[in-house]
Amino acid sequence: MEIKKSEEVLAEIHRNCQLAIQSITDILPETEETELREELLAQHEEYEHFGARAAMLARDKDIELKNPGPIKKAMMWSSIKMSTMKDDSSAHIAEMMVQGTVMGITALKTTLSDMSRDGADKEIEALARDLLAAEEKFEKIWKSKIK
């Protein structure tokens, strides 16, 4: 059972990172303010770092990770484009980032609480906790930008 749980936790980490990277990539062209762009790029880089760590763990533990499908990506892209078409202000972009970050935090907390009951690989658990801490930090940053 531990192997299956570890796979699920690692899959959630990977999914979280891939969706965040995709969202940031979709939002960047809509963002003109330099400070906001720099924050998006910095967070993009952090998510890439976490994604790379997840990929290395998956390789080491012979776990196959799947990327979000093209339909999910297209739905995210269209949602972001529609939302920023209505309002491309820095505050609105920050609100969108808070929403996405909160979804990631919720998914990770749920995964971690399920994992603590069933046990899981300690390296994978540590990565999930590190990503959760980063997401919580990102949430505070974005909330501070909502005026």
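Does at least one position in the range 109-116 carry a residue that is in contact with a Gly (Cβ under 9 Å, 6 or more places away or on another chain) and surrounded by 12 or more Cβ atoms within 10 Å (Cβ to Cβ)? The answer is no, given that none of the residues of the range 109-116 is in contact with a Gly (Cβ under 9 Å, 6 or more places away or on another chain) and surrounded by 12 or more Cβ atoms within 10 Å (Cβ to Cβ). Within the range 103-111, can one find any residue that is part of a helix (DSSP H, G or I) and farther than 17 Å from Leu127 by Cβ? Yes - at least one qualifying residue is present in the range 103-111. Looking at Ala54, is it modelled with pLDDT of 95 or more and under 15 Å from Ala11 (Cα atoms)? Criteria met by Ala54.
Among residues of the range 75-97 that are over 19 Å from Thr34 (Cα atoms), those with a beta-carbon under 8 Å from a residue that is charged (D, E, K, R) and at pLDDT 85 or above at least six positions away or on a different chain give the pairs Met76/Asp26; Trp77/Asp26; Ile80/Asp26; Ile80/Glu30; Lys81/Asp26; Lys81/Glu30. The number of residues in the range 48-60 being hydrophobic (A, V, I, L, M, F, W, C) and surrounded by fewer than 13 Cβ atoms within 10 Å (Cβ to Cβ) comes to 2. Among the residues making up the range 72-81, those that are among the aliphatic types (A, V, I, L, M) and exposed (fewer than 13 other Cβ atoms within 10 Å of the Cβ) are Ala74, Met75.
Quick grid of which residues meet (1) charged (D, E, K, R); (2) within 19 Å of Met103 (Cα to Cα):
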| residue | (1), (2) |
| --- | --- |
| Leu19 | no, yes |
| Ile24 | no, yes |
| Pro29 | no, no |
| Arg53 | yes, no |
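Within the range 75-100, the residues that satisfy the criterion of being under 17 Å from the mean Cα position of the chain (by Cα) and under 13 Å from Gln22 (Cα atoms) are Met75, Met76, Trp77, Ser79, Ile80, Met97, Gly100.
Conditions (1) in contact with a strand residue (DSSP E or B) (Cβ under 9 Å, 6 or more places away or on another chain); (2) modelled with pLDDT of 95 or more; (3) under 21 Å from Asp88 (Cβ atoms); (4) exposed (fewer than 12 other Cβ atoms within 10 Å of the Cβ), marked per residue:
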position	(1), (2), (3), (4)
Lys5	no, no, no, no
Glu46	no, yes, no, no
Asp62	no, no, no, yes
Pro70	no, no, no, yes
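Restricting the search to the range 28-44, which residues are acidic (Asp, Glu), outside any helix (DSSP H, G or I) and surrounded by 12 or more Cβ atoms within 10 Å (Cβ to Cβ)? Residue satisfying the conditions is Glu33 alone.
The values are calculated or read from the model by the stated rules, or taken from the named source; none is laboratory data. These numbers come from a predicted model, not from an experiment. FYI the Cβ positions are ideal-geometry reconstructions off the backbone, even for glycines, and counts take in every protein chain you see.
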